[in-house]
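Following: one structure in C-alpha cells, then a few remarks.
What follows draws every value from the coordinates through simple rules; no lab data is involved. Small disclaimer: the values here were computed from a predicted structure and weren't measured. Glycine also receives a Cβ, built like all others from the backbone with ideal geometry; neighbour counts cover every protein chain displayed.
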Amino acid sequence: MISSPDPLANPPTILIVDDEPVVLGALKETLEREGFHIVGCQSPIKALALLAAREFAVIISDQRMPEMLGLDFLVESRRIQPNASRILITAVLALPTIVDAINRGEIFRFIAKPWLREELIATARNAVQRYELVTANVALQAETLSLNTQLLAANTELEAKVIDLEKQRQNLDAANRDLAASYEHSLELCRRILTTYDPILGGQAKALVELATQMGASNTFSPEQGQALRTAALLCDLGLIGVPREMLRAFRSPGAQLTERERTMLQTHPVYSQTLAAQIDSRPEVGEIIRGHHERFDGKGYPDGLAGDSIPWPARCLAVAVGFIESGLTKNAAIEDLLAKSGHAYDPEAVRLFLKVSNFTQLPKQVREIMLHELEPGMVLANGIYSPLGLLLIGEGQALSPGTIAKIRSHNQVTPISQRLLVYS
C-alpha cells in the first residue's frame, strides 16, 4: 500500500515575535510539538530583518512590546511579505484595536490572552492553509499570465502565418492560372501547327475536341478523365505531321492504294502522337488514350491490336468520335456507319454515349437515348432489342424488370448488343 504524503514533511516556517522570553518559549514549544517549524524573535526590529531575508508562512506577534506595537510590526511585515498570514496576540480586544488591525494590517486572526492551546494550534493550521492557498493562487495567476502571453504570441505568429499562407495561396492560384493559360496556349499552338501543316487535320482536331468535351462531361467520366479525353482529342494526330502530305491526300481519296510501308507509317502515327503529346501533357492516361484511339473493339485495330475492355474506355469513346469525323459521310450516313460497325470496330456503349451527348439525331420528345448501364426497372423500351443475328430479345413497349435487365447485360457480356437503346420518357 502506498502511503499518502505527510503534509508536514516540509513544514512551513512560522515567525513568532514576543518580547517576553517565557511566553515566546511557550508558544514555540506548543507549535513545534504539532510539527511546525518555528523561528522565535524577541525584537520586532530584528524580526523585520528576518522577514527581509527569508520567507515565512505565518507571522505571530504580541501587541504590547517596548520597541514597537505588534499592530505596527504586522503592518510593516505586510509590506515586506504580503502573502504571509498575520496573527495578533493581545490581552485587550477593544473595537478600535480590531478595526485598526483590519484596516491597516489585514490581520488574519486575533488570539486573546491568555491563549488556549487548542485555539492556538487550530489558528496556526488555518493560517498555514490560508498562506498555501494565497501562494498557490499567486503562482496560478503568474502561470496564467505567462500562458496568456505565450498564447498572444502564438496567435500573433499564427495570424502572420495565416497571412503568409494566404499570400502563398494567392501566388499559387496566380501561378496555376498562368500555368493553365500556358497549357491552353500550348494546345492551341499544336492545333495551329496541325492546321498549318494540313488544314483538314486542323479542322478535324477542332471538331474532335468539341465532341470529346461533350462526351467527357457525361457521368461516365470524372472531371480529370474528361480533361484527359479533351487533351487527347486535340493531340491524337500530332504524329501525322511526319507523314508526307501527298500520302495524306492519297489516304483520303476513295479507293486509294497504299504500299505496305506507307500503311505502316500511317498506322504507327498514334505512337508518334503519344510521344509528342508527352511534351505538352505528361499524364500517362493522356498518352494511353492517344495510343489507343485507332484500336478496334474486335481487336483488328492498330498499333497494338487491343480488343474489348483491354482498350482504355476513353480511347474507345475517342475512336467513335474519330470514326464519325473521318468517315467523310453526311451526318446521317456517318451515324448509320457507326451503328453498322458497333460491336465490331466500336464499343457499343461508346457509340451509345456518342449518340446520346452529340445531339446529332432528333428523337421524339417522349423518347430518349440511354446507355446500357443506365437501364432501370420500370423503363419502357421505345425500340426492340435484337441479337446480332436478328433474333428479337425484347420487344418494343416492354417494361423492364430487374430480371430482364440482368439478362440483357448478361447477353451483352457474351455477344455485345450494338444497337441504340431508346426508352420512353
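Quick one: of the DSSP bridges fully inside the chain, what percent are antiparallel, nearest 5? Let's see the in-between values first.
On the way: 8 of 27 bridges.
Antiparallel bridges make up about 30 percent of those DSSP assigns within the chain.
Only Cα sites of the stretch 182-305 enter the Debye sum here, all with the same form factor; the resulting log10 I(q)/I(0) across q = 0.17, 0.21, 0.22, 0.23 1/Å is -0.90, -1.30, -1.39, -1.47, listed in q order.
Across every pair of non-identical alpha carbons in the stretch 11-91, the mean reciprocal distance, once inverted, gives a Kirkwood radius of 12.3 Å. Counting only aspartates and glutamates at least 8 places from residue 113 when in the same chain, those with an alpha carbon closer than 12 Å to its own are 62.
Please give the net charge around residue 413, taking every other residue with its beta carbon less than 15 angstrom from that of residue 413, where Lys and Arg add +1 and Asp and Glu add -1.
Details: positive: 407, 409; negative: 309, 347, 349.
Spelling it out: positives minus negatives among the neighbours equals -1.
Straight-line reach only, C-alpha to C-alpha below 30 angstrom: list the lysines that residue 331 could link to, leaving out same-chain residues fewer than 8 apart. Within the straight-line cut-off, residue 331 pairs with 206, 300, 341, 356, 365.
Volume per residue for the chain equals 341 cubic angstrom (convex hull of Cα atoms). Taking the C-alpha atoms only, the angle from helix 199-216 to the longest principal axis of the chain is near 50 degrees. Considering only GluC sites (Glu not before Pro) in DSSP loops that have at most 16 other Cβ atoms within 10 Å, the longest stretch of the chain without any of them is 107-395. Nearest 10 degrees is fine. How inclined is helix 21-32 to the longest principal axis of the chain, computing both from alpha carbons? Taking the Cα atoms of the chain, the angle to 21-32 is about 30 degrees. Between the helical axis of 348-358 and the dominant principal axis of the chain, each derived from Cα atoms, what acute angle in degrees is found, rounded to the nearest 10? Tilt of helix 348-358: around 80 degrees. In whole angstrom, the stretch 328-425 maps to an equivalent ellipsoid with semi-axes of 21, 17, 11, each derived as √(5λ) from the alpha carbon gyration tensor and ordered largest first. Using the Karplus relation 6.51 cos²θ - 1.76 cosθ + 1.60 with θ = phi - 60°, the per-residue 3J(HN,Hα) values for the stretch 269-280 come to 5, x, 5, 5, 4, 4, 5, 5, 5, 4, 6, 9 Hz, with x marking Gly and Pro. By the count of other C-beta atoms within 10 Å, a proxy for reagent exposure, 297, 56, 36, 110 are ordered fewest to most as 110, 36, 56, 297.
Counting Lys and Arg as +1 and Asp and Glu as -1, what is the net charge of the other residues whose Cβ lies under 12 Å from the Cβ of residue 136?
-1
Counting Lys +1, Arg +1, Asp -1, Glu -1, what net charge surrounds residue 324 among other residues with beta carbon under 13 Å of its beta carbon? Taking every other residue near residue 324 into account, the sum is -2.
Post the alpha-carbon centroid distance, the stretch 150-182 to the stretch 347-425, in whole angstrom. Rounded to whole Å, the Cα centres lie 52 Å apart.
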